[in-house]
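*Asks:* So that we are looking at the same thing, I have put the structure below in structure tokens.
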Amino acid sequence: MHLWLIHPAYELHRDEYLHLDQARHLAWGYDSVPPFTSWISWIIMQLGNGVFWVKFFPALFGALTMTVVWKTIEALKGNLFALVLGASALLFSGMARLNILFQPNSADVLFWTLFYYTIVQFISTENRKWLMKAAIVFAFGFLNKYNIVFLVLGMLPAILLTPYRKIFLSRQLYWCVLVALLLVSPNIIWQIQNHFPVVHHMQTLASTQLVHVNRSDFLKEQILFFAGSLFVLLAAFISFFTYPPFYKYRLFFGSFLFTLLLFVFFKAKGYYAVGLYPILLAFGAVYLEKILTGGWRYYLRSLAIAIPLLLFIPMIKIAFPLQPPAVIQQNAARYKALDLLRWEDGKDHALPQDFADMLGWKELAFKVDKAFEQIADSSHTLVLCENYGEAGAINYYSAHKNISAVMLEGDYYKWFLDDARLLKNIVLVKDIGNPDTALTKERQLFKTVLPAGAIENNYAREQGTRIFVLKEYVDSMLLKEKIIALRNSQ
């Protein structure tokens with residue numbers, strides 16, 4: 001299904017190119033994410049780096065999330081109806097949108113759901129081995145995305161409000177915490193050695209993206225993610241207070257509230273909180289199975305299973321890149337009504353941002369290849385970009401082995417420093433407006449500055465980004481050192 005949800009007009013997403021590039025620079029951490037995604041990227045690279053495998057793994061994580069929901073339903077004594085309802089509620093939701101992109105988000109939801117599952121098992125069996133399993137799941141979730149810290153921060157006060165607070169007196173709990181810390185310690189050490197780039201990343205995120213997040217929009221998105229299965233979530237909340245077998249699981253209700261409040265306070269993006277819901281769908285499905293029995297209620301089961309699908313169908317063409325850009329633009333009103341045209345800059349555009357981020361990359365790589373071929377001494381040539389999407393896409397699609405595109409920020413800057421080539425020439429990818437009046441400094445430093453094309457796709461987020469060939473650096477200072485000095489001065 002996930003392979004079918006993307007129209008052939010679209011390419012990979014800008015974030016996917018960055019994560020795929022990380023496979024060539026394995027480390028215990030990166031400026032924007034922990035290392036788990038790079039491990040999956042390395043596997044994808046060994047499998048040939050094809051688009052099928054790029055899309056396979058987020059779909060796999062979605063399927064595994066469904067498996068964990070099923071195991072939770074079984075642990076809660078649910079039967080076939082609850083299993084089918086849980087699957088329908090999860091599959092026909094915003095999760096399908098999340099799982100079409102190779103990002104840490106799919107695995108993040110999986111690890112949240114798996115962590116909650118270990119707590120369900122701990123409560124139902126009172127076997128403390130599940131605490132150790134929870135610690136291991138947390139560690140892998142942390143190595144995938146730091147977002148899982150909010151799960152723990154939200155669960156702690158919820159536990160304190162229940163009889164399970166006695167667990168804080170258990171020595172075994174602190175052994176579990178120690179194991180978790182040992183497993184994540186390589187990443188923490190990497191953060192220390194690199195002066196905590198995650199702090200800089202979060203500050204940049206807050207100032208450039210989260211500043212445009214409206215708290216009411218965040219709450220609205222929570223409803224849209226599971227619009228077709230809201231009745232299942234509502235059933236879960238009701239069950240914690242009306243269904244005696246679920247009384248002992250009330251901490252999940254408190255954990256949901258505390259975690260959601262944390263996200264609202266920090267003005268998080270809507271999808272950060274998606275990991276809260278799959279476990280609640282399991283509770284809701286089992287509860288509905290218990291109350292929809294006997295007489296006319298039994299016949300409501302078919303309707304309950306059908307509702308998520310019936311409400312998902314009209315959302316398919318809007319929530320997924322199933323139509324080419326021109327068709328979307330012709331039907332812009334329906335996208336605008338759902339506020340899907342608003343980008344991170346707080347403004348409305350022709351396409352949803354995620355869709356625009358999946359266009360223009362092959363065109364860019366092709367034109368950079370043509371520019372690269374204009375330089376005879378290509379082994380001493382650098383492809384310098386403005387953002388990670390450009391650099392990653394060029395590295396993914398380029399036909400030239402000597403090309404290693406970089407930028408002067410984040411992970412790409414570190415990889416640039418590791419490159420020992422003596423640089424003489426640059427293929428510059430930059431959004432500079434009028435090419436005739438731009439690059440004044442560059443024209444003084446290189447013997448030749450030639451325009452070499454631009455991204456012409458009107459629907460691409462990178463539309464108008466230009467390519468230049470800068471030949472034969474004339475300064476006595478090494479070009480690489482000059483670039484480093486320029487970056488430091490910024």
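Each reported figure results from applying straightforward, stated rules to the coordinates on display, with no laboratory input. Source: prediction; values computed, not measured. Counting neighbours? That spans all protein chains shown, and the Cβs are built from the backbone with ideal geometry, glycine included.
*Asks:* Using a Cα-Cα cut-off of under 17 Å, which aspartates and glutamates could be cross-linked to residue 166, ignoring same-chain neighbours fewer than 8 residues away?
*Replies:* Of all the aspartates and glutamates, those that pass the test against residue 166 - Cα under 17 Å, at least 8 places apart if same chain - are 126.
*Asks:* Just for the chain, what percent of DSSP beta bridges are antiparallel, to the closest 5?
*Replies:* 65
*Asks:* While we're on this one: With only Lys, Arg, Asp and Glu charged, each at its Cβ (+1 for the first two, -1 for the last two), find how big the charge dipole of region 14-319 is about the Cα centre; round to the nearest 20 debye.
*Replies:* 680
*Asks:* Right, something else. As I understand it, the value is the acute angle between the Cα axis of helix 361-372 and the longest principal axis of the Cα atoms of the chain; what does it come to in degrees, rounded to 10?
*Replies:* Tilt relative to the chain: about 20 degrees.
*Asks:* When a footprinting reagent is the concern and you count Cβ atoms within 10 Å, what order do 366, 111 take, fewest first?
*Replies:* Lowest to highest Cβ neighbour count: 366, 111.
*Asks:* List 238, 455 from most exposed to least, where exposure is judged by having the fewest other Cβ atoms within 10 Å.
*Replies:* Placing the least packed residue first, the sequence is 238, 455.
*Asks:* In the structure shown, do any of 367/471; 370/430; 336/367; 317/430 have a Cα-Cα gap over 28 Å, and if so which?
*Replies:* 336/367; 317/430
*Asks:* Follow-up question, since we're still on this one. Quick one: 21, 345, fewest Cβ neighbours within 10 Å first, how do they rank?
*Replies:* Ascending Cβ contact count within 10 Å gives the list 345, 21.
*Asks:* Exactly which trypsin sites (Lys or Arg not before Pro) in region 367-419 are in a DSSP loop and have at most 13 other Cβ atoms within 10 Å?
*Replies:* Those that pass, being in a loop and sparsely packed, are 401.
*Asks:* Additional query: What does the highest-first list of 198-204, 129-135, 5-11 look like by mean Cβ count within 10 Å?
*Replies:* Most protected by this proxy first, the peptides run 129-135, 5-11, 198-204.
*Asks:* Right, here's the next one. Can you give the convex hull volume per residue for the Cα atoms of region 361-489, as a whole number of Å³?
*Replies:* 105
*Asks:* If you take every DSSP beta bridge whose two residues both sit in region 361-489, what share of them, in percent to the nearest 5, is antiparallel?
*Replies:* Percentage antiparallel, nearest 5: 65.
*Asks:* If you don't mind, another one. Which pairs in the list 55/401; 55/347; 447/482 are over 22 Å apart, alpha-carbon to alpha-carbon?
*Replies:* In this structure, 55/401; 55/347 lie more than 22 Å apart at Cα.
*Asks:* Still on this model: Kirkwood hydrodynamic radius for the chain: how many Å is it when counted over pairs of different Cα atoms?
*Replies:* 24.6
*Asks:* Over the chain, what relative contact order in percent results from Cα pairs under 8 Å that are six or more residues apart?
*Replies:* Once normalised by length, the contact order is 18 percent.
*Asks:* Is the shape of region 159-314 best called rounded, prolate or oblate, per the rule: a/c under 1.5 gives rounded, else a/b larger than b/c gives prolate, else oblate, with a ≥ b ≥ c the square roots of the Cα gyration tensor eigenvalues?
*Replies:* Verdict is oblate for region 159-314.
*Asks:* Sticking with this one: Of 271, 331, 353, whose Cα points farthest to the positive end of the dipole of region 250-358 (charges on the beta-carbon: +1 Lys, Arg; -1 Asp, Glu; origin at the Cα centre)?
*Replies:* 271
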